[in-house]
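Trainee: Dumping the structure here so I can ask a few things about it.
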Amino acid sequence: MPYEALILASASPRRSRLLAQIGVRHDARAVGLDETRRAGESPRDYVRRLAREKAEAALGLPDLRGRAILAADTVVVLDDAVFGKPAGEREAVGMLMQLGGRTHEVLTAVALLADGVWRAADSASRVSFRPLGEAECRAYWTTGEPADKAGAYAIQGLAAAFVTRIEGSYSGVMGLPLCETAQLLDAAGIARWQPVAEMAGTRPVSALSNR
């Protein structure tokens, strides 16, 4: 399949930039989805299901004939509790205070539908934070960065100052594990490492993001 035929079912600018980083030309399309975790659903099953459902939701978008669809979902997990996007300052500060001084897991699942064939992969990374004080967490909230991030932080942004150690995929923590994603694309025959000049066709995405 030609590289220009890929649809990224996400409004996340981070995922779009990561795809562009490995030379994959794509159009990013936002999809709506109920992201409620089901009773008894493990964090890993939850993130895998959402990644596939995002790709399935994109099937209803126009102009998709002959195109592959890539989708991903990321969650932050601490003691089996799943941290999604915070509803406001109070929840964000609460999340960060719980993550402070501890090691949590970041799970990212990727689903690819190409030529009628489903392919999937996921990554698990461990991220350790130094202890955080409430005043610092509140100050971080005022920057606007945590508002649309799972776990209320962006490792590639200001929250890098919280991180003492990471084990696993840095790009996976950002929202798209590039090694696993590249393997899926290769298996589907979707080219990458295209010249940067040819990336001009990648459609900008909105700020309605979800890591």
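Trainee: Starting from the range 35-62, take each residue that is closer than 18 Å to Leu112 by Cβ and list its partners that are of a type in the set (Gly, Ala, Ser) and loosely packed, with under 14 Cβ neighbours inside 10 Å, counting only C-beta distances under 9 angstrom and pairs at least six apart or across chains.
Mentor: Taking only residues 6 or more apart or on different chains, the pairs are Ala57/Gly32.
Trainee: Is it the case that some residue within the range 69-76 is of a type in the set (Ser, Thr, Tyr), crowded, with 17+ Cβ neighbours inside 10 Å, touching an Asp or Glu at 6+ places or on another chain (Cβ under 9 Å) and touching a residue at least 60 places away in the same chain (Cβ under 8 Å)?
Mentor: First pass over the range 69-76, keeping only residues of a type in the set (Ser, Thr, Tyr): 74.
With crowded, with 17+ Cβ neighbours inside 10 Å added as a condition, the list becomes 74.
If we keep only those that are touching an Asp or Glu at 6+ places or on another chain (Cβ under 9 Å) as well, we get none.
For the range 69-76, residues of a type in the set (Ser, Thr, Tyr), crowded, with 17+ Cβ neighbours inside 10 Å, touching an Asp or Glu at 6+ places or on another chain (Cβ under 9 Å) and touching a residue at least 60 places away in the same chain (Cβ under 8 Å): absent.
Trainee: Filter the range 3-39 down to residues that are of a type in the set (D, E, K, R), part of a helix (DSSP H, G or I) and under 21 Å from Val173 (Cα atoms), then give me how many there are. Let's see the steps before the verdict.
Mentor: As a first pass, look at the range 3-39 and keep what is of a type in the set (D, E, K, R): 4, 14-15, 17, 25, 27, 29, 34-35, 37-38.
Checking the rest, the ones that are also part of a helix (DSSP H, G or I) come to 4, 14-15, 17.
Applying the additional criterion that residues be under 21 Å from Val173 (Cα atoms) yields 14-15, 17.
Selection size over the range 3-39: 3.
Trainee: Here's something else I'd like to know. In the range 121-134, which residue that is surrounded by fewer than 16 Cβ atoms within 10 Å (Cβ to Cβ) and over 14 Å from Ala159 (Cα atoms) is nearest to the chain's Cα centre (by Cα)? So that I can check it myself, show each step before the final result.
Mentor: Within the range 121-134, the subset surrounded by fewer than 16 Cβ atoms within 10 Å (Cβ to Cβ) is 126, 128, 130-131, 133-134.
Now drop any that are not over 14 Å from Ala159 (Cα atoms), which leaves 126, 134.
Values: Arg126: 15, Glu134: 27 Å.
Once the filter is applied, the top-ranked residue is Arg126.
Trainee: Only one residue in Leu6, Leu61, Leu70, Leu33 is under 16 Å from the mean Cα position of the chain (by Cα), hydrophobic (A, V, I, L, M, F, W, C) and within 21 Å of Ala188 (Cβ to Cβ). Which one?
Mentor: Leu70
Trainee: Something else now. Could you tell me which numbered condition Phe162 fails, if it satisfies all but one of (1) in contact with a Lys or Arg (Cβ under 8 Å, 6 or more places away or on another chain); (2) buried (at least 16 other Cβ atoms within 10 Å of the Cβ); (3) within 30 Å of Ala58 (Cβ to Cβ); (4) not hydroxyl-bearing (Ser, Thr, Tyr)?
Mentor: Of (1) in contact with a Lys or Arg (Cβ under 8 Å, 6 or more places away or on another chain); (2) buried (at least 16 other Cβ atoms within 10 Å of the Cβ); (3) within 30 Å of Ala58 (Cβ to Cβ); (4) not hydroxyl-bearing (Ser, Thr, Tyr), only one is false for Phe162: (3).
Trainee: Pick out the one residue from Ala135, Ala161, Ala152, Ala87 that is at pLDDT below 95 and among the hydrophobic types (A, V, I, L, M, F, W, C).
Mentor: Working: Ala135 fails: at pLDDT below 95; Ala161 fails: at pLDDT below 95; Ala152 fails: at pLDDT below 95.
Ala87 is the lone residue from the list that is at pLDDT below 95 and among the hydrophobic types (A, V, I, L, M, F, W, C).
Trainee: If Val93 passes every condition in (1) crowded, with 18+ Cβ neighbours inside 10 Å; (2) over 19 Å from Arg29 (Cβ atoms); (3) under 20 Å from the mean Cα position of the chain (by Cα); (4) modelled with pLDDT of 95 or more but one, which one does it miss?
Mentor: (3)
The values are calculated or read from the model by the stated rules, or taken from the named source; none is laboratory data. Computed from a prediction, not measured in an experiment: that's the story for all the values here. Here Cβ is always computed from backbone atoms with ideal geometry, including for glycine, and neighbour counts include all displayed protein chains.
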